[in-house]
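Everything below concerns the one structure shown next.
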Amino acid sequence: MTNWKRWYKVVFLFILFHIIYFGGQFLVELPAAHGDTSWQGILQVVAVFTMLLLFFGGYAWYIEHHVKVAPHYSFITHVGHLISSITNGLLIIVVLNMILQFILQILHIVPETAQNQAGINQMLKLNAMSKFVTLFLAVVVAPVCEETMYRLLLIGPIKTRRVNPAQNHRKKLAVVSWTFFILAHMGQQLYGAFVAPSWNAIVAVITASATYGILSFVIVREYYLHGSLARSLAIHMTWNALAAGTLLFT
């Protein structure tokens with residue numbers, strides 16, 4: 001029997017989390033884009049970042065320690081798991097992206113710059129304040145918030161103190177998580193295809209969805225297999241750090 005009370009709660013939290021997350025992004029990107037280095041601007045950025053990390057991190061900590069049932073590992077074993085997840089995850093992402101680029105070259109399709117990448121490119125060209133905000137948002141805040149929303153909230157733990165979800169049920173939720181993560185990162189392409197339909201707009205949607213689909217697949221796979229937010233978060237943070245670092249130094 002479907003637990004509608006739980007699903008109402010999930011939908012409510014999903015909407016609330018997005019309002020807080022995107023609202024927080026707006027509040028830190030606004031002073032950064034204008035190069036506001038006054039104490040008021042800096043304080044606003046620090047306060048919003050702190051609020052986002054405490055809110056989403058606090059929710060994740062509560063679920064991890066009071067709701068889910070998970071095996072206890074030693075610190076060394078835990079670090080080993082994280083290193084293994086990062087190594088395997090990045091390897092899969094790189095290989096799949098190489099295959100995607102090969103297919104696009106065969107089809108003579110020029111990939112569209114992804115929405116997040118385009119935003120990061122623009123912010124990194126502005127000023128020191130915008131560079132700091134962009135890097136911290138991309139490498140730390142965004143992975144924490146997004147993994148909490150799309151993995152911990154949507155897919156949920158492998159096992160909780162009250163419910164032991166069926167594997168078939170978790171597979172469906174994993175697909176939902178994979179889809180929502182893609183849609184959340186390509187609003188610009190979808191809007192362009194809807195407002196001004198064209199072949200270029202369709203290509204932009206396809207290439208962007210494929211790019212984010214690869215990243216989403218790897219992260220969802222990791223969380224689905226292990227039920228560890230730390231593992232999926234490690235992959236997400238590392239990939240964003242490499243991507244942002246590459247854009248910054250090139």
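Overview of results
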item	result
³J(HN,Hα), Karplus 6.51/-1.76/1.60, whole Hz, each residue of region 17-25, x for Gly, Pro	4, 5, 4, 5, 5, 6, x, x, 4
222 nm mean residue ellipticity, helices alone, for the chain (DSSP H n ≥ 4; -39,500 (n - 2.57); rounded to 500)	-25500 deg cm²/dmol
GNM top mover of SER232, SER84, SER38 - the chain, alpha-carbon springs below 10 Å	SER38
Residue-wise HN-Hα coupling along region 205-212, computed from phi with Karplus coefficients 6.51, -1.76, 1.60 (Hz; x: Gly, Pro)	5, 5, 5, 5, 5, 5, 5, 6
At R0 = 35 Å, FRET efficiency that the Cβ-Cβ distance of ASN168 and VAL195 yields, to 0.05	0.35
Whole-Hz couplings from phi, Karplus 6.51/-1.76/1.60, listed for region 131-142; x for Gly and Pro	5, 4, 4, 4, 5, 5, 5, 6, 8, 10, 5, 4
Order of THR211, THR160 under a 10 Å beta carbon neighbour criterion, fewest first	THR160, THR211
Only Lys, Arg (+1) and Asp, Glu (-1) charged, at Cβ; the chain dipole about Cα centre in debye	1000 debye
Inter-probe distance in nm under a simple model that places probes 7 Å from Cα toward Cβ, at LEU53 and LEU225	3.0 nm
Difference of contour (0.36 nm per residue) and Cα-Cα distance, TRP61 to PHE26	10.1 nm
For the chain, diffusion coefficient by Stokes-Einstein and Kirkwood Rh (Cα), 25 °C, 0.890 mPa s, µm²/s	126 µm²/s
Amide H contacts of THR160 (H built 1.01 Å from N, under 5 Å, at least 5 apart or other chain)	VAL69
Which of GLU146, GLU29 has the fewest Cβ neighbours within 10 Å, and the rest in rising order	GLU29, GLU146
Positive-end residue, the chain charge dipole about Cα centroid, Cβ charges, pick of ILE63, THR207, LEU229	ILE63
Lys pairs under 22 Å by Cα in the chain, provided they are eight or more residues apart or on distinct chains	13
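The numbers here are math on the coordinates, done by the rules we state, and not lab data. Keep in mind that what you see is a predicted model, and the values were worked out from it rather than measured. Methodologically, a virtual Cβ is constructed for each residue, glycine included, from the backbone with ideal geometry; neighbour enumeration extends over all protein chains shown.
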